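Data block below; observations after.
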Amino acid sequence: MQMTDEEIRVASAEKLLEERSHGAAVTETTPREIGTAVLEFAGTLGGDPPVIIAVTDDPLGRYGWCNDGVRLKVAAAGGEPVHGWTIWEWAPALLTAEFHCVWRSPAGELFDITPKPRREQTIVFVKDDAYRVLSDAYSACLNARLIETMREFGEEDLADLREREPARYDALREEGRRSVFEKDNRPTALTTLIDYYEHEAEAAGNAGAYLAGCLMWGAAAEGRLLLWCLRAPALAEQARQALPSKSRPKKPDPADWTLDGLVQVAHGAGWIGVLEDDDFVFVVEGLLQNLRQSRNLIHPGRSLQLEPHLRRDKTAFDDAKAAYAVLRMNEAAHAPQPQDDLS
């Protein structure tokens, strides 16, 4: 019997947790370099030359079910699956190959979204199109049968959508699946929503709708702050309780907090601060307040109070986008990361 996506999610998280609890027994890992031995071994697989691919934290990644995780990622963010082999090293003498699937983004970059028991940050990957030939033929047969079954049951609209716009069908199906089986999984839902805000911000900027773009960057920033609080609820609550009563969010659920409240909690938890390099110093909290001010211009009364005769232009949009980019850099350095749990 075929597992549902929800059953795969739970089984994957349980399997990953079990593997990590026995981490000392797992000795294979990513080769330290693509040297002569790796190149010779990769040549026996019959695919492309080996490349190093980054492993990214992604809530859609499924340990033990890489194909299903990439399928969900494609439905949520576009791109396509790429099949091939992961090369592992059992130091110091043995190399092995494991069938694997990675995600190619719409921009053409390859990412491994499948979490690893030893938390490797990269893999050595050999792309192999031989699998794809069989996979595509099998998928085509299943797709034809699915459309035929829909028509047998009188679901002509669904059949037409599946046949003419398969990407839109898959996206709508994934939205429906999540609304039923993952309605309480707030971190996953919020991650998808943040991706949507980012896409809308870019689309608005490209269309010259700069105010709309600024609003979306502000919404994405608020979403990220909320996501941190959902990932580390105990730390967020501790930081909330430590705030002065006047500035403290009144309700315990982070989803009820304002952007200003989220900023205050994140600052108190030590998740935002100052980023600097040889040329620049970024005060992240100040940049977030600027994003907050831009986002508040959606309210006509606030716009009359703050900037009654000003409009957001491309410079303002670029500033908002840059502020959001700094927030992302800050997130990688200081903010809580996805937890290894079943939530």
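The values are calculated or read from the model by the stated rules, or taken from the named source; none is laboratory data. Since the structure is predicted, the reported quantities are computational estimates derived from the model, not experimental observations. Heads up, the Cβs are rebuilt from the backbone with ideal geometry, glycines too, and the neighbour counts pull from every protein chain shown.
Couple of notes before you dig in:
- Here Arg177 passes the criteria (1) closer than 17 Å to Gly79 by Cβ; (2) touching a residue at least 60 places away in the same chain (Cβ under 8 Å) except the one numbered (1).
- Residue count, the stretch 90-111 (criterion: under 14 Å from Ile52 (Cα atoms) and among the charged types (D, E, K, R)): 2
- The set of residues from the stretch 209-241 being without any contact (Cβ under 8 Å) to a residue 24 or more places away in the chain and not polar (S, T, N, Q) comprises Ala209, Ala212, Met216, Pro233, Ala234, Glu237.
- For the stretch 65-120, a residue qualifies if it is among the aromatic types (Phe, Trp, Tyr) and not in a strand (DSSP E or B), and exactly one does: Trp65.
- From the options Thr44, Thr122, residue that is under 24 Å from Glu18 (Cα atoms) and either not assigned by TED's automatic domain parsing to the domain that holds Arg168 or not aromatic (Phe, Trp, Tyr) (or both): Thr122
- For Cys66: the one exception among (1) loosely packed, with under 13 Cβ neighbours inside 10 Å; (2) within 18 Å of the chain's Cα centre (by Cα); (3) of a type in the set (A, V, I, L, M, F, W, C): (1)
- Criterion: assigned to a helix (DSSP H, G or I) and within 26 Å of Pro59 (Cβ to Cβ) - qualifying residue of Glu175, Glu163, Glu148: Glu175
- Boolean, Glu80 is at negative phi, within 25 Å of the chain's Cα centre (by Cα) and either without any contact (Cβ under 8 Å) to a residue 60 or more places away in the chain or crowded, with 21+ Cβ neighbours inside 10 Å (or both): yes
- In the set Pro300, Pro308, Pro254, only one residue is touching a Cys at 6+ places or on another chain (Cβ under 7 Å), at pLDDT 75 or above and either in the same structural domain as Arg224 (by TED's automatic domain parsing) or β-branched (Val, Ile, Thr) (or both); that residue is Pro254.
- Summed over the stretch 294-327, residues that are of a type outside the set (A, V, I, L, M) and exposed (fewer than 15 other Cβ atoms within 10 Å of the Cβ) total 13.
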